[in-house]
Amino acid sequence: MTIRIMIADDHPLILAGIRSELALEEDFTLIMEAKNGDEAYTFTCQHQPDILLLDINMPGKKAIQVLQEIKANLPTKVIMLSAYRDRGTVLSMLKGGADGYLLKDDAIEELAAAIRTVHQGGTWVSPVLLPLLEGESLENSLPEQLLTQRELEVIQNVVDGLTNKEISQKLNVVERTVEYHLSNIFRKTGVFNKIELILWVQEHGLPLT
């Protein structure tokens, strides 16, 4: 299976290094490059890559905004590329929906493993950063912080008894996107099906309409 990848970074040397690394992997295809935050979101919407490698510090729309808008509307998985090693930045990106956080210093060596891990549904954080996350769990956050606006909309429709097909029609997205959102919702809330999700909503008093 070919993994379709897009890069969003405004540093020529970083771009060149990532291009070279991707070219070594037979199952990787680089489909598009963006050089600012606005292009990153627009091109992702247009081409819907499997993986977006997103620089955390680019001109235009802020990376966290690009990340949240993509996660709210698209099935694309996002790996952040960053020079920032502080705990606050790492956690804010992961809690904002990032599927991975890769330091630029380690990007070339770890890139292939990070992409494959995230593509298979896992989360990748550069190993040197793991000590910063000890004792930290996304589940420790408030539900409102964990879930994107689109995920809250999906939950509302589940609570209202709609099927995946009906939700996709109401939100004007394909059914696969609804399934993707549900998968993320189940992972974040620790439930395994819609019945457990409804019980979780009742238990946590989620502010739905």
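Brief remarks on what is shown
- Taking a sphere under 10 Å around the Cβ of residue 77 and counting the other residues whose Cβ falls inside, with K and R at +1 and D and E at -1, yields a net charge of -1.
- Note on Rg and Dmax of the Cα atoms in Å: of the candidates [x] 18.5, 61; [y] 24.2, 78; [z] 17.2, 51, the value calculated from this structure sits at [z].
- Checked against a 32 Å cut-off, the cross-linked pairs 35/170; 61/194; 95/170; 35/165 give Cα-Cα distances beyond that limit for 35/170; 61/194; 35/165.
- Neighbourhood net charge (15 Å Cβ-Cβ; Lys/Arg +1, Asp/Glu -1) for residue 36: -4
- Cβ crowding within 10 Å averaged over residues, with 28-38, 72-82 ranked highest first: 72-82, 28-38
Bear in mind that the values in this text are calculations on the coordinates, not laboratory data. Given the structure is predicted, the values throughout are model-derived calculations rather than measurements. So basically every Cβ, Gly included, is an ideal-geometry build from the backbone, and we count neighbours across all protein chains shown.
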